[in-house]
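What follows is a single structure, written as structure tokens, with notes after it.
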Amino acid sequence: MKLKVRKYGDPVLRQKGARIEKVTAEIKKLVADMFDTMYEAHGVGLAAQQVGHALQLTVIDVREIKDRPSTMHIGGKPVEVESHMPLVLINPELKLGSETFTGPEGCLSFPEVFAEITRPSEVEVHATNDKGEKVSFRAGGLLAKAVQHEFDHLQGILFIDRMSSESKRELKPELDALAAETKAELKKKH
């Protein structure tokens, strides 16, 4: 079932997610709905906050993106990224690499807003999947960027918080308009 993607200005996007202690039927249903929502919106990642749930849960699938490659290592060995997609990360913990790279980034909660964002080029990930199993891997390229972007969401951090002040200044009219539109929509509901 497709869920409504929350837009910039919705307070849930600024909430730190609660830890998930047990993978319940509700969590599995939420995961399935999040994948439906992400695929429908042509995204590569979606955090629970983006569909109105402040939880430590994100889904990722980078298979469709061919122009920005991803790398993945499990147990120190390179693996085919495609064979490990889609990913469900519950209560993820990250260890960031020291080298950084800058590249374009967008977000389903910020339609049509893109900016160059600098992030570590590699990240080590430890999480639980939707079967309750531990998953650990090292990611590079687009996958590293997606994991960090979604992890930020789980902490209530948005990609605009990582933008240069110059980018923020340039995008201010669009961001202000989006926040105002979202707040007006939220007001109508209450």
Inset, instruction - Kindly indicate whether Lys95 is out of contact with any helix residue (DSSP H, G or I) (no Cβ under 9 Å at 6 or more places or on another chain), surrounded by fewer than 21 Cβ atoms within 10 Å (Cβ to Cβ) and either of a type in the set (D, E, K, R) or part of a helix (DSSP H, G or I) (or both). - result: yes
Inset, instruction - Using the structure shown, decide if Glu122 is among the charged types (D, E, K, R), within 18 Å of Ile74 (Cα to Cα) and surrounded by 13 or more Cβ atoms within 10 Å (Cβ to Cβ). - result: yes
Legend entry - Selected residue [in contact with a strand residue (DSSP E or B) (Cβ under 6 Å, 6 or more places away or on another chain) and assigned to a helix (DSSP H, G or I)] from Ala144, Ala127, Ala139, Ala177: Ala144
Legend entry - Residues located in the stretch 122-141, provided they are free of Cβ contacts under 8 Å to residues at least 40 places away in the same chain and over 15 Å from Val81 (Cβ atoms): Glu124, His126, Ala127, Glu133, Lys134
Legend entry - Check on Gly43, in a loop (DSSP other than H, G, I, E, B), in contact with a Lys or Arg (Cβ under 7 Å, 6 or more places away or on another chain) and small (Gly, Ala, Ser): no
Legend entry - Filtered residues of the stretch 19-30 (kept if farther than 17 Å from Lys4 by Cα and either in contact with a His (Cβ under 9 Å, 6 or more places away or on another chain) or of a type in the set (Lys, Arg) (or both)): Arg19, Lys22, Lys28
Inset, instruction - Could you tell me whether the stretch 110-126 includes any residue that is at positive phi, modelled with pLDDT of 95 or more and out of contact with any helix residue (DSSP H, G or I) (no Cβ under 6 Å at 6 or more places or on another chain)? - result: no
Inset, instruction - Just give me the residues in the stretch 29-70 being of a type in the set (Ser, Thr, Tyr), crowded, with 19+ Cβ neighbours inside 10 Å and farther than 17 Å from Ala127 by Cβ, in sequence order. - result: Thr37
Inset, instruction - Return a yes/no flag: does the stretch 103-115 have any residue that is assigned to a loop (DSSP other than H, G, I, E, B) and within 19 Å of Gln148 (Cα to Cα). - result: yes
Inset, instruction - All but one of (1) under 25 Å from Ser165 (Cα atoms); (2) in a strand (DSSP E or B); (3) not aliphatic (A, V, I, L, M) hold for His149, so report the exception by its number. - result: (2)
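The values are calculated or read from the model by the stated rules, or taken from the named source; none is laboratory data. Since we're looking at a predicted model, the values are computed, not measured. Cβ coordinates were reconstructed from backbone atoms using ideal geometry, including for glycine residues, and neighbour counts include every protein chain displayed.
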